[in-house]
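*Asks:* This is the structure I have questions about; it appears just below.
The values are calculated or read from the model by the stated rules, or taken from the named source; none is laboratory data. For clarity, every value in this text was computed on a predicted model and none was experimentally measured. Ideal geometry is used to build each Cβ from the backbone, glycine not excepted, and the neighbour counts take in all protein chains shown.
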Amino acid sequence: MKIALISFDNWGLNEGIAKVLKQDGHTVHHIDFHNFIYKYPSFYYKIYNAFLKVFFRKNIKNIYYGKEIIKRLEQIGERQDLIVTIKGDFIDKSYLKQLKKHTRKSIGFFNDSATRCPKIKRVASAFDQAFSFEKEDCQKLGLKFAPNWIYEENKNSSKGPFDFQVFNICSKDKRLPVLSKIISELKSKQIKHKIIVLSRDKECPKSEIEFFFERITLEEVSKFIEKSRALLDIKRDGQFGLTFRIFESIGLEKKLITTNPDIVNYDFYNPNNILVIDEKNPVIPTSFFESDYEKLPEEIYHKYTIRGWIQNVLFHK
């Protein structure tokens, strides 16, 4: 099949989909619009864009992304059998509709919630089929359910020795108060941990949190993960879809501590491997780290691999 993957791949997590599709014999073009850099011609365009957002719910950057994507498809020159778009809410709806001229079938996948990203509600109907990792959005918007996927598999990474019991990396946002409570709990139990917060704002409050002001590569993150027994996942407000951190822990066979209560409803949930904590009053028993990770049954594990995701989303019947 001729397949175009369109995505805002800021962490390189979507490229794995393109690689697997190529391995399986498909002709694949990955259009990564994270690489499309829009610059305002002048200060007045910023004012104009603010006007568009308020009165017309339009965004110059979203329009720019759409135009550039259509250009790339025209350069490819061949009609695709399938176009898959990840984070289509970053693209103006009029251009999402134009995708259908270049493909037999257009599929959208959203791994943000409509509560956090309301544009999802406006653009989902532009696709022939649309999927979301958020169960509530599937119910309210008539989308099909599909979780994220395991983007990295290295089961030897859990064998130790470990420098840290817990590792987390996240952006500076509204989750900081929750993170501070968790750090206090870890310190009170003398649980060794490595917590990194990425921040653009160099005016950060003095705290026990380690702030990084430069971008960290996936390779650097992987080294910290390899040295850690368990990963920490803190859900965002208004979002219950499972993050890549959770599937990362599955692929690396790492234990997981999470504030997402919905994880207990998934078939891979195992209390030996996954500790669900209350974000208001996190309790992390040291006994959680005393047992080894228990392997998942192969049929369950496969569902959450890239190939499992491809089967569920791209070739869903």
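*Asks:* Please verify whether Phe133 is in the same structural domain as Glu226 (by TED's automatic domain parsing) and not charged (D, E, K, R), treating the condition exactly as stated.
*Replies:* On the way: in the same structural domain as Glu226 (by TED's automatic domain parsing): no; not charged (D, E, K, R): yes.
The answer is no for Phe133.
*Asks:* Scanning for something part of a strand (DSSP E or B), more than 28 Å from Gly88 (Cα to Cα) and either modelled with pLDDT of 75 or more or of a type outside the set (Val, Ile, Thr) (or both), does the range 139-162 turn up at least one residue? Walk me through it before giving the result.
*Replies:* First pass over the range 139-162, keeping only residues part of a strand (DSSP E or B): 144-145, 150.
Then keep just the ones that are more than 28 Å from Gly88 (Cα to Cα); that gives none.
No, the conditions are met nowhere in the range 139-162.
*Asks:* May I pose another question? Could you check the range 46-57 and list, in sequence order, the residues that are at pLDDT 80 or above and either not hydrophobic (A, V, I, L, M, F, W, C) or not in a helix (DSSP H, G or I) (or both)? Break it down stepwise before answering.
*Replies:* Quick first cut of the range 46-57, residues at pLDDT 80 or above only: 46-47, 50, 52-53, 57.
Result: Lys46, Lys53, Arg57.
*Asks:* Residue check, Phe244 against (1) touching a residue at least 60 places away in the same chain (Cβ under 8 Å); (2) in contact with a helix residue (DSSP H, G or I) (Cβ under 8 Å, 6 or more places away or on another chain); (3) under 28 Å from Asp137 (Cα atoms), all met but one. Which one?
*Replies:* That leaves (2) as the condition not met.
*Asks:* Determine whether Tyr151 is crowded, with 19+ Cβ neighbours inside 10 Å, among the hydroxyl-bearing types (Ser, Thr, Tyr) and farther than 25 Å from Arg307 by Cα.
*Replies:* no
*Asks:* Tell me which of these Phe288 doesn't satisfy, since it passes every other one: (1) in contact with a helix residue (DSSP H, G or I) (Cβ under 9 Å, 6 or more places away or on another chain); (2) crowded, with 18+ Cβ neighbours inside 10 Å; (3) not in a strand (DSSP E or B).
*Replies:* Failed condition: (1).
*Asks:* Now for a different question. Kindly indicate the residue of the range 171-196 that is in contact with a strand residue (DSSP E or B) (Cβ under 6 Å, 6 or more places away or on another chain) and modelled with pLDDT under 85 and also surrounded by the most Cβ atoms within 10 Å (Cβ to Cβ) among those meeting that condition.
*Replies:* By that ranking, first place goes to Lys172.
*Asks:* With respect to Phe162, determine if the residue is touching a Phe, Trp or Tyr at 6+ places or on another chain (Cβ under 7 Å) and touching a residue at least 60 places away in the same chain (Cβ under 8 Å).
*Replies:* No; evaluated as a whole, the condition is false for this residue.
So that you can scan it fast, the table gives a plain yes or no per residue for (1) outside any helix (DSSP H, G or I); (2) assigned by TED's automatic domain parsing to the domain that holds Asp112; (3) not basic (Lys, Arg):
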residue	(1), (2), (3)
Gln239	yes, no, yes
Leu242	yes, no, yes
Ile246	no, no, yes
Tyr269	yes, no, yes
Glu279	yes, no, yes
Asp292	yes, no, yes
Lys295	yes, no, no
Gly308	no, no, yes
Gln311	no, no, yes
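*Asks:* List every residue pair whose Cβ atoms sit under 9 Å apart, with the two residues 6 or more apart in sequence or on different chains, where the first one lies in the range 167-187 and is among the hydroxyl-bearing types (Ser, Thr, Tyr) and the second, anywhere, is surrounded by fewer than 18 Cβ atoms within 10 Å (Cβ to Cβ) and assigned to a strand (DSSP E or B).
*Replies:* That search, which allows pairs on different chains as well, returns Ser171/Leu198.
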